[in-house]
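Read the figures in this text as sums done on the coordinates, not as results from a lab. What you see is a predicted model, and the numbers here were worked out from it, not measured in a lab. Note that each Cβ is placed from the backbone with ideal geometry, even for glycine, and that neighbours are counted across all protein chains shown.
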């Protein structure tokens, strides 16, 4: 028996789809709260720019934009949550290097790290930092390497989780230095920092954001920054390359993305509003004081191209580092 199609119903669905993807999509956006999923714990390097951005986006958009921390499994829990959300601009994701590190480490993810997201823009760039608890008798990087060589796998290093940038930063450092340290993964930077401060673990590779007060108070000792240049907030701390490990350069970045299929005008609106915020001296100063520098692309498409490059780069670095999920 032939079933006649419900033409009015089909037409309504088609019109609704066109409305969602057409120029009208952004006109009334947002008309309810927007959440920015930060796939790391509160207080970490990813949390700081997220909270600064949501505060300013709330003012710009006239609707509450809130941080939703969903840490765990190398940022994949939060990323999966956003990937499965409606592409209507009300669920956004703080995306970072970790997004692509995890894609290389975890063989079966419930999403595609590149094609299941709508790139919006990069927001910051910053190196990580190698820090030690004062109880560890290593005043500089050479002393840490010598100590680790003398005691293989007797020194623990903390990370914000399997598959995190901190994990890869540490694994690559160990391989290039020819040492063995034991990786201790945590559910986010907050718990990892807490155990570093207590001396439960003695080495860490966190982002500079959030570490500055502890370093300046003498609660943690900074040995080197992982990027290609020194941090303006810690000008006396050398880079890893300057400290003797030539060729080592790991720089973290953070950006914003949404689920696959977000309407073009919504992406454009969020991109332009975010860039306007990032270009203000106030926000640049706030981020710099947290150890991060403002960074962006002029179009969402440029950010998308950057993400493809980053996916290939971090997959290669995972292979070279020998990092594994344990």
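I need the peptides 145-158, 222-235 ranked by packing, meaning the mean over residues of other C-beta atoms within 10 angstrom, with the highest value on top.
222-235, 145-158
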Compute the Rg to Rh ratio over the range 212-326 from the alpha carbon atoms, using the Kirkwood formula for Rh, and round to two decimal places. 1.03
Cα atoms only, the range 33-178: Rg and Dmax in Å? 17.9, 58
Inter-part gap, Cα centre of the range 150-167 to Cα centre of the range 296-310, in whole angstrom, is 30
Final fewest-first order of 296, 314 on the 10 Å Cβ neighbour count is 296, 314
Longest principal axis of the chain (C-alpha) makes with the long axis of helix 300-321 (C-alpha) an angle, in degrees to the nearest 10, of 40
Output the 0 to 90 degree angle, nearest 10, between the alpha-carbon long axis of helix 141-150 and the longest principal axis computed from the alpha carbons of the chain. 70
Over the chain, what relative contact order in percent results from Cα pairs under 8 Å that are six or more residues apart? 27
Quick one: if the Förster radius is 22 Å, what FRET efficiency do residue 135 and residue 236 give, using the C-beta to C-beta distance and rounding to 0.05? 0.50
Taking 39-46, 68-75 and ranking on average Cβ neighbours within 10 Å, highest first, one gets 39-46, 68-75
So for the range 129-225, averaging the separation of alpha carbon pairs under 8 Å that are six or more residues apart and normalising by length, what relative contact order in percent results? 46
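Set the Förster radius R0 to 45 Å, insert the Cβ-Cβ distance between residue 216 and residue 112 as r into 1/(1 + (r/R0)^6), and round the FRET efficiency to 0.05.
Step by step, r from the Cβ atoms, then E = 0.60.
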Per DSSP H run of at least 4 residues, take -39500 (n - 2.57); add these up for the chain, divide by its residues and hand me the 222 nm value, nearest 500 deg cm²/dmol. -12500 deg cm²/dmol
Between residue 299 and residue 61, take the C-beta separation as r, use R0 = 22 Å, and let me know the FRET efficiency to the nearest 0.05. 0.65
Let me know the volume per residue of the alpha-carbon convex hull for the range 184-273, in Å³. 163
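Express in nm, to one decimal, how much length is gained between residue 309 and residue 197 on full extension, taking 0.36 nm for each residue of separation and deducting their alpha carbon distance.
So the chain would gain 36.7 nm between residue 309 and residue 197.
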Radius, Kirkwood style, for the range 129-225 when every pair of distinct Cα atoms is counted (Å): 12.9
What is the angle, in °, between the Cα long axis of helix 47-61 and the longest principal axis of the Cα atoms in the chain? Nearest 10 is fine, range 0 to 90. 30
